Structure formats: C-alpha cells, structure tokens
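Notes to accompany the following structure.
The values are calculated or read from the model by the stated rules, or taken from the named source; none is laboratory data. Quantities reported herein were computed from a predicted structural model and do not represent experimental measurements. Quick reminder, even Gly has a Cβ in these numbers, built from the backbone with ideal geometry, and neighbours come from all protein chains shown. All accessible areas refer to the heavy atoms of the entire protein, side chains included, with ligands and DNA or RNA removed. Shrake-Rupley method; radii C 1.70, N 1.55, O 1.52, S 1.80 Å.
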Amino acid sequence: MENASSVKEFILLGLSENQVIQKICFVMFLFFYMIIMSGNLLIVVTVMSSQHLKSPMYFFLSYLSFVDICYSSVTAPKMIADFLIENKTISFVGCIAQLFGVHFFGCTEIFILTVMAYDRYTAICRPLHYTTLMTRRACDRMLICSWVGGFVHSMVQTLLTSFLPFCGPNKIDHFFCDVHPLLQLACTDTYAVGIIVVANSGMIALSCFFILVVSYIVILVSLKRQTSEGRHKALSTCGSHITVVILFFGPCTFSYIRPSSNLSEDKSVAVFYTVITPMLNPLIYTLRNEEVKNAIKKLWSKE
C-alpha cells in the first residue's frame, strides 16, 4: 500500500533496548508463543473431533481459540525475532498489514466474546427457547457478523492511518505497528483522525462491554431461582468467560478508548492482550470445564 510518504520503512524500538533483557525476553516470549499455539490448537482439535462438544458454547470457543492463534501470530513472531537482531525494521506495507491484522482479529475476538455472553444468557435465562434461538444457522450468522464487524472496524483504522503522510521520524516506540504510535510520527495534524480512531474503538469496546455487563447481571439475578447444582454449573461456565473478558477488555479499553499520551505505558499494556490473554484462555477454559477436560483425555487416549 503506497501513499505520499517519503518513509518506506519503520524501526520498531520494541520492549527494551537492553541486550541482556532482550535475550531474556526472547526465551520467555518464545515459550509463551509455543503455549499459545499448542493450547489453542488443542482446543480447536478437541472441539472438532469430540462428539460431546457440539453445543454452541464450544462452537464459539473453538473459533475464539482460532482467533487467538491468528491474533498472536500477527505480532509475536516479529517481536520474538526482533529480540535477536539489531536492525528491527518493518516495511511501510508490512507495518500497515500488521496494523490491519491486529485490529481485525482483536475486534473479531471482542465480538465473539460478546456472542458467547449472549449464548450463556440464552442457556441460563431462556432454557426452553435455547434450541430454537441458538440453532447452527443462527450461530453461523453471529460468527459471520463477528468477522465482518472486525473487518469493517479494521478497515476504518487502517485507511485512516495509511493515507497519512510520513516524511520524517520513523522510529515506532512499540513492538508492533499500531494506530497511536503511527499518529505521533505523521507529519501533519492528526487531531481529527485521532478523535475518529478513539471514537471508533471506544464505541465498539464500550457497547460490547455494556452488553456483557447487562447479560451477566441478568444471569446472576436469574440464578437465584435455580437449584444449587444448576447454579454451580452455570457459575462454572460463566466464571471462565467473565475471567477472559476481564483479562482482554481491561487492557484493550485502557489502550484504545483514550488519546494515547504515554507509548511506553501502552506497549507494556499491549503485552497482556496480544500475548498473555491468548496464552491464558485455553488454561482458563479447560481447568474450569470438566467436559473439555474429559474430551481432551479421550482425544489423547485414542492416540
């Protein structure tokens, strides 16, 4: 993708410029990335191969794991490789592509988490209508809407950024290309673009977070009318989802619904939603879910 910029590549400053810390980070983040890939891939394979995990909840869980694999793969391999090389450059086209991927998969994950909350609300608060409301066709439509919503959001962020002129500094104080660091490098007034970017991200994050909060308030109120066994089972599945939502939405909201003023702070927070949360998701969902654990055991026993 070309624009009027004289800058053809950017330099990523990464998490640290200290050589010793970079080597430690290389080992640590390589280990994290291996866990992300193996853990999420295990969930995808388990859900696809198990006859007992065919409910909408596991259908969405498998796609959440797939999105986590893609989401981390947009940033982590480049970040890990940069820990070992001195010249941490990325082309203009590669930078814009990375920006697109981060927002595409990140926003898609937000929508899938929201859809999963609706699934839990329907299962707990409207159990008699669950099978008619959450049909495979309805699940497919919600999933498609999540992907389309992520694509539209990402296109807005990408187009607004890619057509800015970059004619001077090319050092990005981050470990991947993102909107706020690039806005600070543009050699033009980016106030209006910054407002649109924050409004776009903020509208999606806050509206989805509002839906999530309302869903779980209604769920918690309805649980009072259920038996202790039903309450325990519902809280087990909901607890995993709430934990993931907090881990993902907290850092994302901090980074994207406000104008960025401290890039060093932003890139530290970005580690949580690009690496830590995708790594913890499989552990959270498997450790608290007996059905998934049993399905994994059966999968391994076949081999």
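Observations on the structure shown:
- Residue pairs meeting the criteria (Cβ under 6 Å; at least 6 apart or on separate chains; first assigned to a loop (DSSP other than H, G, I, E, B), in region 156-178; second hydroxyl-bearing (Ser, Thr, Tyr) and open to solvent by 40 Å² or more (accessible area, probe 1.4 Å)): Pro165/Thr188; Cys167/Ser6
- Meets criteria (aliphatic (A, V, I, L, M), over 22 Å from Val74 (Cα atoms) and open to solvent by 60 Å² or more (accessible area, probe 1.4 Å)) for Ala192: yes
- In region 198-215, the residues that are open to solvent by 60 Å² or more (accessible area, probe 1.4 Å) and in contact with a helix residue (DSSP H, G or I) (Cβ under 7 Å, 6 or more places away or on another chain): Phe209, Ile211
- The listed residues are Ser222, Ser162, Ser154, and the only one of them that is over 30 Å from Phe83 (Cβ atoms), in contact with a helix residue (DSSP H, G or I) (Cβ under 7 Å, 6 or more places away or on another chain), surrounded by 13 or more Cβ atoms within 10 Å (Cβ to Cβ) and not hydrophobic (A, V, I, L, M, F, W, C) turns out to be Ser222.
- Verdict on Ser6 being polar (S, T, N, Q) and either surrounded by 13 or more Cβ atoms within 10 Å (Cβ to Cβ) or in a helix (DSSP H, G or I) (or both): no
- Cys252 being modelled with pLDDT of 85 or more and either touching a Ser or Thr at 6+ places or on another chain (Cβ under 8 Å) or buried (at least 17 other Cβ atoms within 10 Å of the Cβ) (or both): no
- Selection count, region 67-84, where residues are open to solvent by 10 Å² or more (accessible area, probe 1.4 Å) and within 20 Å of Lys293 (Cβ to Cβ): 0
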